[in-house]
Amino acid sequence: MRIGIHTSIAGALENSAHRAAELSANTFQIFSSSPRQWKASIPTAPAVAAFRKAREKHGLDPLVIHDNYLINLASSHESVRKLSIEAFRGELARAILIGADYLVAHPGNYKGCSIEQGILNFLQGVAAAAADLRFEKLMLLIENTVGAGAQLGSRFEELHVMREYGAQMTDLSIGFCLDTCHLLASGYDVATAEGLKKTMAEADRLLGIDNVRVIHANDSKTPLGSHVDRHANIGEGYIGLEGFRRILGSPRLRNKAFILETPVDKDGDDRRNLETLKSLCPRSRTTTTRSS
Ligand SMILES: [Zn+2]
Ligand SMILES: [Zn+2]
């Protein structure tokens, strides 16, 4: 299975790959520039070459980039949307340059307009940002959210609409990233066997499980339907160890990349979370899970 973690590019782009390998991850996620600044730095050709080499050496696959936190393509404010489109275009260009497989993006916040207008703003923003860029393998993954206030993307129905309409507006292929913490907080009960089964069926019906490429594996500090986004260490939140064992054991999720975005409150939390996640993976060939 592909089990990885978000690592930092501080110091040098390639450091993120070395750190992921050090932690025994076989996939990883990064920010390609500072996630809290509009102005992005563009990696130099030698930095990209060193990064690609490190990634190959360590067998890290796939590479996921998470977009900047400031970007809000759904915004009802013209000025914010304009800045967001420009920044998102930079995200796409850097993702191509670095050789990323997936760019994960939050659909944004539609405060001040209708949800329909928010979705339209988001898609028009993506299409404008992607115009004239060439995508060999890069896929945009829209991430589900907790649905706090006017946050888009907490319901599979919304995500479904984004992909359907998005396909008519841009050549950039669109899939999904599901965050386990966000699922629980938005009201999908992935912590219980029954709830997970129901959520998976809903996801398959509305998103298509094949279109879900990445799972953000985060436990949740807040309970089912809280609409509050607080990541917890694996096993220390409302999903719990058994919850994650079921998620990781789900035959239809076996080929997804699981990426941790858990807090590092004390030294070694990242390593511990990775080890925990791995220990909960079904052992290949020795399990008798039936996929019906
Ligand atoms: Zn996430
Ligand atoms: Zn989150």
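Derivation of every value follows stated rules applied to the coordinates shown; laboratory data play no part. Everything quoted here is computed from the prediction, not taken from an experiment. All Cβ positions, glycine included, derive from the backbone under ideal geometry; neighbour counts span all protein chains shown.
Descriptive notes on the structure:
- The chain - mean residue ellipticity at 222 nm from DSSP helices (-39,500 (n - 2.57) per run, n ≥ 4, rounded to 500): -12500 deg cm²/dmol
- Taking every C-alpha pair closer than 8 Å and separated by at least 6 residues, the mean separation divided by the residue count of the chain gives a relative contact order of 16 percent.
- Cα centre as origin, Lys/Arg/Asp/Glu Cβ charges: the stretch 53-103 dipole, Debye: 140
- Of all the options Val228, Val264, Val48, the one that moves most in a Gaussian network model of the chain with Cα springs shorter than 10 angstrom is Val264.
- Most simply put, the chain has about 10% antiparallel DSSP beta bridges, counting only bridges with both residues inside it.
- Of Asp229, Asp210, the sequence from fewest to most neighbouring Cβ atoms within 10 angstrom is Asp210, Asp229.
- DSSP bridge pairs, the stretch 135-292: antiparallel proportion in percent, nearest 5: 15
- Greater than 26 Å apart at Cα, pairs in Lys198/Lys221; Lys57/Lys278; Lys57/Lys221; Lys197/Lys256: Lys57/Lys221
- Among Pro35, Pro107, Pro46: highest mean-square fluctuation, GNM of the chain, C-alpha pairs under 10 Å: Pro46
- Residue-count net charge about Met1 - beta-carbon cut-off 9 Å; Lys, Arg +1, Asp, Glu -1: +4
- Distance cut-off 21 Å, percentage of C-alpha pairs in the stretch 133-292 lying past it: 46
- Multiplying each eigenvalue of the alpha-carbon gyration tensor of the chain by 5 and taking the square root yields semi-axes of 28, 24, 17 Å, largest first, rounded to whole angstroms.
- Residues Tyr238, Tyr69 arranged by fewest to most Cβ contacts within 10 Å: Tyr69, Tyr238
- When the chain is treated as a GNM with alpha-carbon contacts under 10 Å, the residue of Cys281, Cys181, Cys113 showing the greatest mean-square fluctuation is Cys113.
- Packing-based exposure ordering (other Cβ within 10 Å, fewest first) of Glu136, Glu86: Glu136, Glu86
- Local net charge near Ser75, Cβ-Cβ under 10 Å (Lys/Arg +1, Asp/Glu -1): +2
- Here the stretch 2-279 is treated with +1 on each Lys and Arg Cβ and -1 on each Asp and Glu Cβ, and its dipole about the Cα centre works out to around 420 debye.
- Top positive-direction residue, dipole computed over the chain with Cβ charges, set Gln37, Leu63, Met1: Met1
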